[in-house]
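The values are calculated or read from the model by the stated rules, or taken from the named source; none is laboratory data. Just so it is clear, the structure is predicted and the values come from calculations on it, not from any experiment. Ideal geometry is used to build each Cβ from the backbone, glycine not excepted, and the neighbour counts take in all protein chains shown.
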Amino acid sequence: MATQQSSPLKFVIAGAIIVGVILWIAISAGEQAKSYYVTIAELQQMGNKAYTRHLRVAGNVKPGTIERDGTNATFTLIELNKTLRVDYHGAEPPPDTFKDDAQALAIGTYGRDGVFHATELQAKCASKYAPAKPGAAPTGNTAPMATTASLAH
């Protein structure tokens, strides 16, 4: 009875295919997970590219524009003289630090309707980060508290 010997070339080809598939999956997943940080002005000047990318946009929450509905919220970000309407639909409600004049970061996609559709929202209370007045004792909690939906307050 004759025995067949396996060719090492078969193993090399199979290994190369497996490595190639793993690399392709890793690269394509990484591209989908990327999010580009842009200012409101840059977003409004991106043209059609703005509708195809996962983006991060920051600004201050314009006073009087927050409308909450359960875990969702709509509001307007302002940066210099530019404004951006944001519609947040996330798994968690907006963080406690999310209020008028707070610095906020919205993560999501820009719609052709001119509204930024956020799936993640981070906010911080600007007053906690203001430098102390000369000679004043530090105030507030020195240990930052963070959640997946918020920056430290």
Report task. Kindly check whether there is at least one residue in segment 11-34 that is at pLDDT below 80, closer than 16 Å to Ile107 by Cβ and either touching a helix residue (DSSP H, G or I) at 6+ places or on another chain (Cβ under 7 Å) or not in a helix (DSSP H, G or I) (or both). Result -> yes
Query raised in the report: Got at least one residue in segment 59-72 being at pLDDT below 90 and among the hydrophobic types (A, V, I, L, M, F, W, C)?
Result: no
Report task. Would you point out the residue of segment 46-74, among those that are polar (S, T, N, Q) and surrounded by fewer than 11 Cβ atoms within 10 Å (Cβ to Cβ), that is nearest to Lys99 (Cα to Cα)? Result -> Thr52
